[in-house]
Ligand SMILES: Nc1ncnc2c1ncn2[C@@H]1O[C@H](COP(=O)(O)OP(=O)(O)OP(=O)(O)O)[C@@H](O)[C@H]1O
Ligand SMILES: [Mg+2]
């Protein structure tokens, strides 16, 4: 499902990713761990083409990214199948919670409005926020916003979900609400890559752990072996 | 009150007193003490009156330049030229000019509002057309032209304009009278086919006939009158001295010689001046009468201001947004062109752009009606400013918004359309609204290309009625009625933006 082959990327002459290789199987939850600045976010962003790289290759959900800039069509097709959740939620502040969730299906997949809406309501129900459908994102707590962001990504029915430290902007109580949702997803067989500092969560959910240090893979193994 | 304030008021007062001593518009003895007679004229009005000397455009030439030298000589002083806009020359009296000598026609209104000298020249109004094109006679104006009323150009505020408007109101001619700031403007526009005809003093056409070889005089002159020297009513001594000087110049034959030198039929002029009839001053209107007569005109011109602003601003926004998006997200080769577009339009005056659209495009065969040219000019000019505002607005949307949209599979254009632009539009609402208010006021520049909006109408009415202050108050109130609601809207947007993002009122 996910195959990264000796990925190399520099930023202002400094290697940020140095021949990184890793793999993630279908239905597996890969945790990316490592010290700050080790390249975790950069690797994740290379997986859906938000960042480009100089050498190596990425295969994900049946799509393939080559070094350098990839054509818009390739990127759009890939991102349809690969959802992403950001540390800072990045909800669209000018749209209601419901419209945040229906925007992509309606504009990208051309799903009819009524269908998109009823599926969005189901997803909001799944993350426990059905009653907030009409609210503006800014009126929600951080944990609620992050759960909306997860529902928004899920609305595209992605084959892979990428999470970049989804709880590090949240207090412990809100962290728990969000992690519960992610663990449920994992149980339901969603393929995921999660950048995290939270070893407890990694132990609970990850099937494979990759540890980066200074842009290189330091160790990898099962959660039990690694943590 | 701060203890400094009285002193400051005193010093401002002192400055004003000093300034008014220095300023012209003085009585005869002041003029003679100064040794200079400041006379106002508009060299844009053209020949043979006052025009830039072709041999040295820094100097002015014209029969009125020489006439003024003669008059000043009689007063024992020198003449000093002051440039002004023709229809507003009388406003300079008592401020910075002692007198106005520039083909000012003797009318009852001017007799009422200013001190008018004895006539120094008899003019005749001449209809002009293109060779081989209708109208072939003045009588043809009685019926509409091939495509509606005849389009007739005149100098704004001139007797030609009054005469044609009066005949049009009486239904004697089917014409649309279009006022220009300079006489040559209407000759240009007649030659390039924008106008069907023009009306002006016959001596002007005689002077320029060679340059406008495509044009011809239609019929004999159909009306006429006299030029007078205007002075302020506050300077009767100066007025009397100028009258006496003119008398001397007429009797001793120097005026006839001057006209003969300028090919202005000196003998004929002397005969005309000898039999000049008295023009009685017009009577003063009451304020109620004044407002009743002028308000409908002012209101309809306010309507024109609204049309100009409301038609051009949406176009400006659309172009501005497109340019901003093109510069930030378009192909790399496009950006320098768009930057050039913005810099050229921001770096040159709106007036110049309007002139280019209105006077230059017809030369390459593209004739735009004045209203369309005005709307287009305003829209293009403001699109440059709007594009800068939108560029800033688009940049102010956090990058994470764009990345989140892309991560969902939206294309760059879909992300712009659904995520970036809607947020940028909200961010720039306050500056865009205040630009709209500014545009309302900038519409007044359009009078340069014959569109009569509120400011132009005010200036025409103020001059023809002599009620400058009263009409200024009415006009200012009309502008306030238009911009006040916009200011409220702008403030509402600002308040909405100051609330934490996303909260609904
Ligand atoms: N936009 C950028 N421009 C330049 N350098 C960057 C940029 N983003 C990240 N870097 C650098 O790239 C390296 C890897 O950063 P990255 O964000 O991938 O690390 P990370 O492992 O996610 O760290 P953290 O745990 O702090 O999020 C760091 O040295 C960082 O300084
Ligand atoms: Mg990171």
Requested in this report: Say whether the condition of being under 26 Å from residue B:254 (Cβ atoms) and surrounded by fewer than 16 Cβ atoms within 10 Å (Cβ to Cβ) is met by at least one residue in the stretch B:146-164.
Outcome: no
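Out of A:161, A:156, A:192, A:174, which single residue is part of a helix (DSSP H, G or I) and over 20 Å from residue A:36 (Cβ atoms)? Before you say what the answer is, go through the steps one by one.
Numbers: A:161 fails: part of a helix (DSSP H, G or I); A:156 fails: part of a helix (DSSP H, G or I); A:192 fails: part of a helix (DSSP H, G or I).
Of A:161, A:156, A:192, A:174, the one residue that is part of a helix (DSSP H, G or I) and over 20 Å from residue A:36 (Cβ atoms) is A:174.
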Report summary line: Note on the stretch B:39-60: residues in contact with a helix residue (DSSP H, G or I) (Cβ under 9 Å, 6 or more places away or on another chain) and buried (at least 20 other Cβ atoms within 10 Å of the Cβ) are B:39, B:40, B:41, B:42, B:45, B:46, B:47, B:48, B:49, B:50, B:51
Report task. Could you tell me which of the residues A:223, A:135 is surrounded by 15 or more Cβ atoms within 10 Å (Cβ to Cβ) and within 14 Å of another protein chain (Cβ to nearest Cβ)? Result -> A:135
Report task. Scan the stretch A:106-120 for residues that are surrounded by fewer than 17 Cβ atoms within 10 Å (Cβ to Cβ) and either assigned to a helix (DSSP H, G or I) or away from chain B (no Cβ under 14 Å) (or both) and jot them down. Result -> A:112, A:113, A:114, A:115, A:118
Query raised in the report: Which one of these is in contact (Cβ under 8 Å) with a residue 60 or more places away in the chain, within 28 Å of residue B:459 (Cβ to Cβ), touching a helix residue (DSSP H, G or I) at 6+ places or on another chain (Cβ under 7 Å) and in a strand (DSSP E or B): B:222, B:226?
Result: B:222
Requested in this report: Could you grab me the full set of residues in the stretch B:404-444 that are at the interface with another protein chain (Cβ under 8 Å from one of its Cβ atoms) and over 30 Å from residue B:486 (Cβ atoms)?
Outcome: B:404, B:405, B:406, B:407, B:408, B:409, B:410, B:411, B:412, B:414
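This table checks each residue for (1) touching a strand residue (DSSP E or B) at 6+ places or on another chain (Cβ under 7 Å); (2) assigned by TED's automatic domain parsing to the domain that holds residue B:255.
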| residue | (1), (2) |
| --- | --- |
| B:56 | no, yes |
| B:65 | yes, yes |
| B:73 | no, yes |
| B:80 | yes, yes |
| B:128 | yes, no |
| B:138 | yes, no |
| B:148 | no, no |
| B:153 | yes, no |
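Grab the strands (runs of 3 or more DSSP E) fully contained in the stretch A:1-68, keeping just those with 2 or more residues being in contact (Cβ under 8 Å) with a residue 40 or more places away in the chain and within 13 Å of ligand 1 (Cβ to nearest atom).
Filter on the stretch A:1-68 gives A:2-11, A:14-24, A:29-33.
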Query raised in the report: From B:244, B:277, which residue is closer than 23 Å to residue B:107 by Cα and touching a residue at least 60 places away in the same chain (Cβ under 8 Å)?
Result: B:244
Requested in this report: Report, by residue number, each residue of the stretch B:271-292 that is modelled with pLDDT under 85 and touching a helix residue (DSSP H, G or I) at 6+ places or on another chain (Cβ under 8 Å).
Outcome: B:279, B:280, B:281, B:282, B:283, B:284, B:285
Query raised in the report: Do we find a residue being surrounded by 22 or more Cβ atoms within 10 Å (Cβ to Cβ) and either within 11 Å of chain B (Cβ to nearest Cβ) or farther than 24 Å from residue A:188 by Cα (or both) anywhere in the stretch A:139-147?
Result: yes
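Residue by residue, here is whether (1) within 14 Å of another protein chain (Cβ to nearest Cβ); (2) within 13 Å of ligand 2 (Cβ to nearest atom); (3) surrounded by fewer than 21 Cβ atoms within 10 Å (Cβ to Cβ) holds:
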| residue | (1), (2), (3) |
| --- | --- |
| A:22 | no, no, yes |
| A:32 | no, yes, no |
| A:56 | no, no, yes |
| A:60 | yes, no, no |
Requested in this report: Quick one: count up the residues across the stretch B:78-97 that are touching a helix residue (DSSP H, G or I) at 6+ places or on another chain (Cβ under 6 Å) and farther than 29 Å from residue B:145 by Cβ.
Outcome: 3
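If I ask for residues that are more than 16 Å from ligand 1 (Cβ to nearest atom) and within 7 Å of another protein chain (Cβ to nearest Cβ), which ones from the stretch A:84-96 would you list?
Across the stretch A:84-96, the qualifying residues are A:92, A:93, A:94.
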Query raised in the report: Taking the condition in contact with a strand residue (DSSP E or B) (Cβ under 8 Å, 6 or more places away or on another chain), away from every other protein chain (no Cβ under 14 Å) and within 20 Å of residue A:89 (Cβ to Cβ), does residue A:194 pass?
Result: yes
Query raised in the report: What number of residues within the stretch A:34-46 are buried (at least 24 other Cβ atoms within 10 Å of the Cβ) and more than 9 Å from ligand 2 (Cβ to nearest atom)?
Result: 1
Requested in this report: Taking only the stretch A:145-186 into account, find how many residues are at positive phi and more than 16 Å from ligand 1 (Cβ to nearest atom).
Outcome: 1
Report task. Would you mind stating whether residue A:91 is within 16 Å of ligand 2 (Cβ to nearest atom) and under 30 Å from residue B:427 (Cβ atoms)? Result -> no
Query raised in the report: Picking from A:126, A:152, A:204, which residue would you name as being within 19 Å of the chain's Cα centre (by Cα), away from ligand 2 (no atom under 16 Å from the Cβ) and modelled with pLDDT of 95 or more?
Result: A:152
Query raised in the report: If you go through the stretch B:430-473 one residue at a time, how many are at pLDDT 90 or above, farther than 22 Å from residue B:310 by Cα and crowded, with 20+ Cβ neighbours inside 10 Å?
Result: 1
Report task. Report the residue count in the stretch A:80-105 for those that are touching a strand residue (DSSP E or B) at 6+ places or on another chain (Cβ under 8 Å), surrounded by fewer than 24 Cβ atoms within 10 Å (Cβ to Cβ) and outside any loop (DSSP other than H, G, I, E, B). Result -> 1
**Report entry** Some residue of the stretch A:175-194 being in contact with a helix residue (DSSP H, G or I) (Cβ under 6 Å, 6 or more places away or on another chain) and within 16 Å of ligand 2 (Cβ to nearest atom)
**Finding:** no
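The values are calculated or read from the model by the stated rules, or taken from the named source; none is laboratory data. Here the structure is a predicted model, which is why all the values come from computation and not from measurement. Heads up, the Cβs are rebuilt from the backbone with ideal geometry, glycines too, and the neighbour counts pull from every protein chain shown.
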